[in-house]
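Read-outs: derived from the displayed coordinates by stated rules, not from any lab. The structure displayed is predicted, hence computed values, not measured ones. Positions of Cβ are backbone-derived with ideal geometry, glycine not excepted, and every protein chain shown enters the neighbour counts.
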Amino acid sequence: MRATIQRWVPLGLVVLAALGLRTAGLAVRPMHADEANQAVKTGELLETGRYAYDPRDHHGPTLYYAALPVAWLRGRHTLAALDETTVRLVPALAGTLAVLLLAALAAPLGRWPALAAAAFLAVSPPAVYYSRYFAQETLLLAFTLGALVCARHWWRTGLARWALAAGVCIGLMQATKLSAALFLCAALAAFLLARVRPPASSRMGRDALLAAGAALAVAALFFSSFGTHPGGLGDVFAAGTHAWTRVTGDSGHEKPWWYYLRLFAWQRTGGLVWEQLAFSALALAGLATALRPGEKFLRWAAIYTLIVATVLALIPYKTPWHAVHLVPGLALLAAGALAAFPLRPLAFAAAAVTLALLVGQTRRAAFLRPADGRNPYAYVHSSPDVLKYRALAKAALQRSPREPVRIIGEEYWPLPWYLRGLPRVGYWSAAPEDCDGALVIATAAQAAAVRARLRGDYRESYLGLRPGIVLTVFTPGP
């Protein structure tokens, strides 16, 4: 009994801490444009039961389908009833599951180093921030860790059920984002380069086919919208071409090769310091530890992390949410370094200091300044002004119950989320001949044309949307 408590209670506390950090105050931060876009798609699926995979500008469908049971449990059955907490609970739960899975994956390091690895992921600034962000990245991370845990169990036991489970996780990875291929290839290459012993099973071929079949079946279910949209299967191939063009071409998201390294090192933006130096120093120490004889698991973790980091550095397209995929590998290396410390009290002290520093950074990033432009994780984030648009639109519709609210211009997200459920709200990419309405909101590119076509008297004001984007609000005069 005592051994059981010593084993599971500390892990339970780490998981509870991870859950608390990921679920507290989920509705406070304004919705990012990407979050809003995906939340609206989720609302459409919730209302109609229909979803069609878009290979051009959206990732895989698992995020939307995963949101359905959460919405049902919270009594949300329409887009208008959805809220920020409901949709963001999906990545929050996935991020918490990832902490538990990392503890399982790190088991070869020993019980307390595995706990340390899970704790590092639990409080990591990028991991926490994007576990509170309605996007695919955290789900992909959880499915990747699930595939690795199942594959390791199959590698050790040779049991076909673990191969099947790994295949299911791989299918979920593919149905989440096409970048899943990077992590699968990196894991396989690391297995080969680390020279891990062959599995106990003598039926590798059969189990590999079983895993591949499960992966294809799961991915096909999601991309075909569970059989209701077979065309989605063919769209997957078109998506690959589009994604490759985007990540290697001129997307506007090009960054220098050291972009992710800086996130895990030190930077000052507008007087605020963002750093993870202690965590990164432990990971570097773990990299050196991985070179010692007999450290095959740590060597695998080092090779896997180096491959992922190198590929992400070489690809011009970079956004900060991709950094979450570096955290588990760095956490494993940091835990491996702690396990190699000559004195356990010294290792515990190093772990405590590192965790405390990470918690401080996470508090600032996810809770104190979650939408601050100086926050390196708040990438092209919506202005706090977006919280004002709904009240303006509701008041305008009450004053003029027969007139529409017009949103004119191509840059308007996340407004469809904030104006969801309101009647007579329309969107135009360019100024129509008749621009009058209960409220008219125009982008800078359309403001002059709108102004020229308004027949009534309007007051003009300005509200922010995203960095560098300010909208003109035309309000009818008294």
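Mind listing the long-range amide H neighbours of THR319? Cut-off is under 5 Å, sequence gap 5 or more, other chains count too, H placed in the peptide plane at 1.01 Å from N.
none
In the chain, with Lys and Arg counted as +1 and Asp and Glu as -1 at Cβ, which of these residues, ALA302, GLY421, LEU172, has the Cα nearest the positive end of the dipole, that is, farthest along it?
ALA302
Averaged over every viewing direction, what's the projected area of the C-alpha convex hull for region 364-411? Give it in nm², one decimal, please. Working shown, then result.
On the way: hull surface 18.2 nm².
Seen from a random direction, the Cα hull of region 364-411 projects 4.6 nm² on average.
Angle, helix 160-174 long axis vs. longest principal axis of the chain, Cα atoms, 0 to 90°, nearest 10?
Rounded to the nearest ten degrees, it is 30.
Order of 92-101, 438-447, 273-282, 225-234 by packing, highest average Cβ count within 10 Å first? Please report the intermediate quantities before stating the final value.
Details: 92-101: 24.8, 438-447: 21.9, 273-282: 18.3, 225-234: 13.7.
Output ranking for 92-101, 438-447, 273-282, 225-234: 92-101, 438-447, 273-282, 225-234.
Which of LEU26, LEU346, LEU139 comes first, and how do the rest follow, when ranked by fewest Cβ neighbours within 10 Å?
Working: LEU26 19, LEU346 11, LEU139 27.
Ascending Cβ contact count within 10 Å gives the list LEU346, LEU26, LEU139.
With +1 on each Lys and Arg Cβ and -1 on each Asp and Glu Cβ, how big is the dipole of the chain about its Cα centre, in debye rounded to the nearest 20?
Working: 46 positive and 25 negative charges, 300 e Å.
Using Cβ point charges on Lys, Arg, Asp and Glu, the chain gives about 1440 debye.
Report the Rg/Rh value for region 124-185, based on alpha-carbon coordinates and the Kirkwood definition of Rh.
Working: Rg = 12.7 Å, Rh = 12.2 Å.
With Rh from the inverse mean 1/r over Cα pairs, Rg/Rh is 1.04.
Sort HIS153, HIS325 so that the residue with the fewest other Cβ atoms within 10 Å of its own Cβ comes first and the one with the most comes last.
On the way: HIS153 20, HIS325 23.
Going from sparsest to densest Cβ surroundings: HIS153, HIS325.
Extension gain HIS253-ALA288, at 0.36 nm per residue separation less the Cα-Cα distance, in nm? Numbers along the way, then the final one.
Details: separation 35, 0.36 × 35 = 12.60 nm, distance 3.32 nm.
Full extension from HIS253 to ALA288 adds 9.3 nm.
In 5 Å bins starting at 0, how do the alpha-carbon pair distances of region 407-478 split up by percent?
3, 17, 30, 27, 17, 6, 0
Under a point spin-label approximation (7 Å from Cα along Cα-to-Cβ), what is the PHE348-ARG56 distance to one decimal in nm?
5.9
Two-decimal Rg/Rh of region 217-368 from alpha-carbon positions, Kirkwood Rh?
Rounded to two decimals, Rg over Rh is 1.08.
Multiply the residue gap between LEU13 and LEU73 by 0.36 nm, knock off their C-alpha separation, and tell me the result in nm, one decimal place.
Details: separation 60, 0.36 × 60 = 21.60 nm, distance 2.52 nm.
Residue separation times 0.36 nm, minus the Cα-Cα distance, leaves 19.1 nm.
Under the rule a/c < 1.5 gives rounded, and otherwise a/b versus b/c splits prolate from oblate, where does region 339-478 land using the Cα gyration tensor?
Prolate, since a/c reaches 1.5 and a/b exceeds b/c.
Most exposed first by the Cβ proxy, i.e. fewest other Cβ within 10 Å, how do TRP154, TRP266 rank?
Working: TRP154 26, TRP266 12.
Ranking TRP154, TRP266 by Cβ neighbours within 10 Å, fewest first, gives TRP266, TRP154.
Using Cα atoms only, what is the angle between the long axis of helix 344-362 and the major principal axis of the chain, expressed in degrees (0 to 90) to the nearest 10?
In the chain, helix 344-362 runs at an angle near 10 degrees to the longest axis.
Binning every alpha carbon pair distance of region 130-230 at 5 Å from zero, what are the percents per bin?
Going from the shortest bin to the longest, the percentages are 3, 14, 20, 24, 19, 11, 6, 3, 1.
Taking LYS394 as the anchor, which lysines have their alpha carbon closer than 27 Å to its alpha carbon, excluding any fewer than eight residues away along the same chain?
LYS41
Rounded to the nearest 0.05, what FRET efficiency do GLN6 and LEU221 give with R0 = 41 Å and r taken as the Cβ-Cβ distance? Could you check?
Values: r = 41 Å, r/R0 = 1.01.
That gives a FRET efficiency of 0.50.
Just to compare against my own numbers: the Cα pair-distance distribution for the chain, 20 Å bins, whole % per bin, please.
Histogramming the chain at 20 Å steps yields 22, 53, 21, 4, 0 percent.
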